[in-house]
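Take a look at the structure below.
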Amino acid sequence: AYVFGGNATVIGIVFLILIGIILSTGKYIYSTVEHFSKGIIMIGVPAIVILTFFLADVSQAGELLQGLMGKGNGYWFLPVGIPLASFLAAFAFSGAAGNLNLAQSSYIREKGYGMGKYMDKVKSLFSGQKQHIDLEGYTFDPTVENMDRFSGWWKQVNKEHFLVFFLTGVITVLLLILLSYATTFGTAGNAQGIQFVINEAIAIGKGTFPLMGTFFALLMGIMLFSTQFTVLDSTSRIISENYAATKLGKKISHPLSRYYYIFLWVQIAFGIIVFLFGFTEPLTLLIISAVLNAFCMFVHIALVNVLNIKELPKEIQASLWRKIILLISFLFFGIFSALTLWDKVF
């Protein structure tokens with residue numbers, strides 16, 4: 001709305017419908033999501049790098065490094081008065097990912113990684129192809145040869161997650177922090193919510209040239225669109241697969257995509273209703289979503305620990321240090337979810 005003008009509610013509804021159309025028309029759902037995400041990364045990350053190096057100076061980069069150690073401007077770790085819900089939202093969306101973790105097994109199947117090679121992909125609504133989906137999955141005997149293959153696959157998955165999720169995520173977040181600090185920190189009339197991004201775009205336009213500020217605002221809008229795009233895909237996968245496994249059994253012979261698209265468009269319809277009721281502030285919606293995700297992570301991590309300890313063969317269970325990290329994460333999300341709920345209710 002800031003870049004092109006127009007009513008923000010109408011634009012939000014159009015974007016929700018556009019997400020549904022994009023996800024409904026690709027041959028394979030995951031390929032559509034993957035290609036879209038790659039395009040965002042290839043355009044967005046270089047643009048943020050160039051803008052940050054052009055607008056930030058060495059002293060500001062030094063303050064960023066101090067911030068990584070927990071030292072802020074007159075405080076340690078957390079500024080006084082920061083809302084718990086906002087902090088938890090930032091934490092949940094800066095890598096913890098919330099519900100997106102629950103869709104990883106589905107994405108592994110779609111990419112054909114490991115045992116996912118033997119499972120069918122979820123096809124588009126209009127593919128017209130019959131499917132036999134086995135939601136129970138496949139396993140293997142822990143022979144020496146199979147364990148060598150599993151070890152190779154596990155190393156490959158770790159490399160991919162380190163490069164794509166951790167390294168790219170950390171670099172992007174740090175650059176965005178530095179860019180916002182260099183352009184808007186301490187300026188009069190600064191704001192929260194989406195207006196903060198608009199103020200940052202205006203500052204970038206003044207520091208470079210006006211068209212660059214417009215480009216930045218457009219880029220941030222596309223990134224928010226990409227976030228919602230991925231979230232709608234992953235939640236539709238999670239809900240449809242759980243529904244199919246619970247109501248239809250773990251082996252189904254008709255298209256899983258039927259249920260995927262039902263839940264996708266139900267969520268889109270719900271989003272449209274939210275917009276029509278006048279609830280249009282993106283930051284508020286993101287915070288609510290992130291807090292819910294954090295609580296889901298609390299439950300999710302507990303279930304993963306149970307799976308690791310009781311269900312998986314000992315040979316492929318998570319290592320001790322991973323189990324310790326999972327336990328710490330479980331306690332962290334549990335405590336902060338409880339504190340946030342207490343803060344809002346009492």
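The values are calculated or read from the model by the stated rules, or taken from the named source; none is laboratory data. A quick note: this is a predicted structure, and the numbers were derived from the prediction, not measured. As a convention, Cβ positions derive from the backbone with ideal geometry for all residues, glycine included, and neighbour counts pool all protein chains shown.
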Cβ-Cβ below 9 Å, separation at least six or inter-chain, first residue in region 22-48 and more than 15 Å from Tyr107 (Cα to Cα) and among the small types (Gly, Ala, Ser), second at pLDDT below 80 and surrounded by 15 or more Cβ atoms within 10 Å (Cβ to Cβ): which pairs? Ser24/Ser124; Ser24/Leu125; Gly26/Thr32; Gly26/Val33; Gly26/Ser124
Do the conditions hold for Leu327, that is, is it at pLDDT 85 or above and either under 24 Å from the mean Cα position of the chain (by Cα) or under 30 Å from Thr9 (Cα atoms) (or both)? yes
Considering only residues that are part of a helix (DSSP H, G or I), among the polar types (S, T, N, Q) and out of contact with any Phe, Trp or Tyr (no Cβ under 7 Å at 6 or more places or on another chain), look in region 306-346 and name the one that is nearest to Phe150 (Cα to Cα). Asn308
Can you give me the number of residues within region 54-70 that are out of contact with any helix residue (DSSP H, G or I) (no Cβ under 9 Å at 6 or more places or on another chain), of a type outside the set (A, V, I, L, M, F, W, C) and at negative phi? 3
Requiring at least 2 residues that are surrounded by 12 or more Cβ atoms within 10 Å (Cβ to Cβ) and either at pLDDT 80 or above or more than 24 Å from the chain's Cα centre (by Cα) (or both), the helices (runs of 4 or more DSSP H) wholly within region 103-184 are 144-160, 168-184
Return yes or no: is Ser240 assigned to a helix (DSSP H, G or I), within 30 Å of Leu176 (Cα to Cα), at pLDDT 80 or above and not basic (Lys, Arg)? no
Name the pairs: first residue in region 272-295 and at positive phi and modelled with pLDDT of 80 or more, second residue outside any helix (DSSP H, G or I) and crowded, with 16+ Cβ neighbours inside 10 Å, Cβ to Cβ under 7 Å, at least 6 apart or on different chains? none
From the set of residues in region 85-102 that are surrounded by 12 or more Cβ atoms within 10 Å (Cβ to Cβ) and on the phi > 0 side of the Ramachandran plot, which is modelled with the lowest pLDDT? Ala97
Quick one: Gln192 ticks every box in (1) surrounded by fewer than 12 Cβ atoms within 10 Å (Cβ to Cβ); (2) modelled with pLDDT of 75 or more except a single one, so which number is it? (2)
Pairs, first at pLDDT below 85 in region 58-84, second not in a loop (DSSP other than H, G, I, E, B), C-beta under 6 Å, six or more apart: Gly70/Trp76; Leu84/Leu339; Leu84/Thr340; Leu84/Asp343
